[in-house]
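Since the structure comes first, as structure tokens, the remarks are kept for the end.
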Amino acid sequence: MSALLWTVGAAIVASIALHITVALLSPEEEKTKDQRDREIHHFGEYIGQSFVVIGGVAGLVLAMAEVDQFWIANAIYLAFVLSALLGSTAKIVAYRLGFQPW
């Protein structure tokens, strides 16, 4: 359990440090957001949050099956990691290949 807590803590610290670094290195004129930026952000968040829901349901199913807590925690943690990765990937793809709101 301590390995999971250390990993989660390290991921949070790395995320904060990376966000601060990118914010400091970005020019001021690139910090303004228009409607397209907001729509792409929402699109990526919807995709990412769907994996959080899937992980929650997977954790619930594993708990009902009385699986060891190790596997439940790792399934939920995997869902959070996939949420972040796939949400960010969706945003990058939307910026690079174009974005068509439905």
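Let me confirm something: among Glu30, Glu66, Glu39, which residue is loosely packed, with under 10 Cβ neighbours inside 10 Å, at pLDDT below 90 and over 16 Å from the mean Cα position of the chain (by Cα)?
Glu30
Taking the condition of being in contact with a helix residue (DSSP H, G or I) (Cβ under 6 Å, 6 or more places away or on another chain) and either among the hydroxyl-bearing types (Ser, Thr, Tyr) or buried (at least 18 other Cβ atoms within 10 Å of the Cβ) (or both), how many residues in the range 48-63 meet it?
Residues meeting the conditions: 5.
Within the range 11-67, track down each residue that is of a type in the set (Lys, Arg) and in a helix (DSSP H, G or I).
Lys31, Arg36, Arg38
Which of the residues belonging to the range 82-102 are within 20 Å of the chain's Cα centre (by Cα) and assigned to a loop (DSSP other than H, G, I, E, B)?
Phe99
Could you please let me know if Gly9 is among the small types (Gly, Ala, Ser), closer than 20 Å to Leu86 by Cβ and surrounded by 10 or more Cβ atoms within 10 Å (Cβ to Cβ)? Step through it out loud before you land on a result.
On the way: among the small types (Gly, Ala, Ser): yes; closer than 20 Å to Leu86 by Cβ: no; surrounded by 10 or more Cβ atoms within 10 Å (Cβ to Cβ): yes.
Considered against the rule, which asks whether it is among the small types (Gly, Ala, Ser), closer than 20 Å to Leu86 by Cβ and surrounded by 10 or more Cβ atoms within 10 Å (Cβ to Cβ), Gly9 comes out as no.
Filter the range 67-87 for residues that are of a type in the set (A, V, I, L, M, F, W, C) and either within 14 Å of Ser50 (Cα to Cα) or in the same structural domain as Ala3 (by TED's automatic domain parsing) (or both) and give the result. Before the answer, list the steps.
Going residue by residue through the range 67-87, those that are of a type in the set (A, V, I, L, M, F, W, C) are 67, 70-73, 75-76, 78-82, 84-86.
Passing the criteria: Ile76, Leu78, Ala79, Phe80, Val81, Leu82, Ala84, Leu85, Leu86.
Find all pairs meeting these conditions: Cβ atoms under 7 angstrom apart; at least six residues apart or on different chains; first residue within the range 1-30 and under 17 Å from Gln69 (Cβ atoms); second residue small (Gly, Ala, Ser) and in a helix (DSSP H, G or I).
Leu4/Ala73
The values are calculated or read from the model by the stated rules, or taken from the named source; none is laboratory data. What you see is a predicted model; the values in this text were computed from it and never measured. With ideal geometry, Cβ positions are generated from the backbone for all residues, glycine too; neighbour counts draw on all protein chains shown.
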